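Data block below; observations after.
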Amino acid sequence: MSHHRNPKTLLTPVMHGVLERMARAGHMPLHALTPQQARAAYAAGADVLELPTHPLARVEDFTITARDGFAVPVRLYAPSHAVLPVLVYFHGGGFTIGSVATHDGLCRRLSHHAGCAVLSVDYRLAPEHKFPTAAHDAWDAVQWVAQQGATRALDGTRVAVGGDSAGGTLSAVCAIWARDAGLPLALQLLFYPGTAAHQDTESHRTFAHGFVLEEPHITYFFNHYIRTPADRDDWRFAPLDGRTDSGQLAELEGVAPAWLGLAECDPLVDEGVQYADRLRMAGVPVDLEIYRGVVHEFIKMGRALPQATQAHTDAARALQKAFAP
């Protein structure tokens, strides 16, 4: 990414207006709040720019049992009562905030447009549950779908993983575990995933302040999530450049095909592009879309941004193609 003297000039006029209105609202920055307060603040604003929600034939809340016996809440969305392929979805929020509820509209839209089931996973959050609990909960949910999805009219042979931001990280990690376990996934659907061990790319510098996901937020979230600085260099935190126990980069050969939807004006855009490159180098089919002039979190701003609707459509098309018999 080229360095811009004023990166704000990259924004679309509408995106610029949204950011101006957010600045004028003058909310306390998330990193000045306790994690509990930050969750409540994020939840309160989660639907402000969301499109109206889609009614669906099935919306069911239940729990699945994690490896340590914890009952992980999940919400299942489906456009019909038929046996359907399923996207296992992990919400964003820096492993610290966000929930099934904050991403309800997005999951409904993906289910509606792709004609598939979506299982949204309320994995445990930091700081109450530190790394790697979120990753374990995510993978336990994927395994449940493959082994027991049929009990909920889910086709355990046609499974995709997906998520935004930290949820994208969890999806990428699950795709690697699935490859290792011989569990074939149809797709990994990654909206602006975090993939890097350290936030030192050009885009992290360019978009550090004033583009929704700010540098102090990232530090705040990760400091809640990681147990020790060494966790940053673990591939389960950083699938791009983190290391395995033997000190190697995570092997990406043979993981599921990837669809990546990135935001141009996002600190995470460079590591998203770099992850797409590493996947391609490993022979993995990759579809990469960069939505111009928008920021991190844009996919939840469909009322204001045409790029959000476009990204939903593109992601749904990628799912349909991946699930086609």
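Think of the chain as having a plus end and a minus end, set by charges on the Cβ of Lys, Arg, Asp and Glu; of Tyr225, Met28, Ala134, Met28 sits farthest toward the positive end of this dipole. Placing unit charges on the Cβ atoms only, positive for Lys and Arg and negative for Asp and Glu, gives the range 177-325 a dipole magnitude near 500 debye about its Cα centre.
When the chain is treated as a Gaussian network with alpha carbon springs shorter than 10 Å, the biggest mean-square fluctuation among Leu240, Leu170, Leu183 belongs to Leu183. Judged by the mean number of other Cβ atoms found within 10 Å, the most tightly packed of the peptides 198-205, 254-261, 223-230, 87-94 leads the ranking 87-94, 254-261, 198-205, 223-230.
Electrostatic tally near Asp231: other residues with Cβ closer than 12 Å to its Cβ, Lys and Arg +1, Asp and Glu -1, net +3.
Partners of Lys300 within straight-line reach, counting aspartates and glutamates whose Cα lies under 12 Å from its Cα and excluding those fewer than 8 residues away in the same chain: Asp47, Glu50, Asp104, Asp164. Full extension of the segment from Asn6 to His198, taken as 0.36 nm per residue of separation minus the current Cα-Cα distance, would add 66.7 nm.
With both labels modelled 7 Å from their Cα along Cα-to-Cβ, the Arg21 to Ala57 distance reads 3.6 nm. Ellipticity at 222 nm from helices only: DSSP H runs of n ≥ 4 in the chain, each -39500 (n - 2.57), divided by the residue count, give -11000 deg cm²/dmol.
Dipole magnitude for the chain: computed about the Cα centre from +1 point charges on Lys and Arg Cβ and -1 point charges on Asp and Glu Cβ, it is near 640 debye.
Using Stokes-Einstein with the Kirkwood hydrodynamic radius over Cα pairs, what translational diffusion coefficient do you get for the chain at 10 °C and a viscosity of 1.306 mPa s, in µm²/s rounded to a whole number? Reported coefficient: 82 µm²/s. Across the chain, C-alpha contacts under 8 Å between residues 6 or more apart give a mean separation that, scaled by the residue count, equals a relative contact order of 19 percent.
Excluding same-chain neighbours fewer than eight residues apart, the aspartates and glutamates reachable from Lys321 by a Cα-Cα span under 17 Å are Asp155, Asp287, Glu289.
Relative contact order of the range 108-240: 25 percent, from C-alpha pairs under 8 Å at least 6 residues apart in sequence.
Values quoted throughout were computed directly from the atomic coordinates according to the rules given, and no laboratory measurement underlies them. Model, not experiment: these values are computed from the prediction. When we count neighbours, we look across all protein chains shown, and the Cβ atoms used for this are built from the backbone with ideal geometry, even at glycine.
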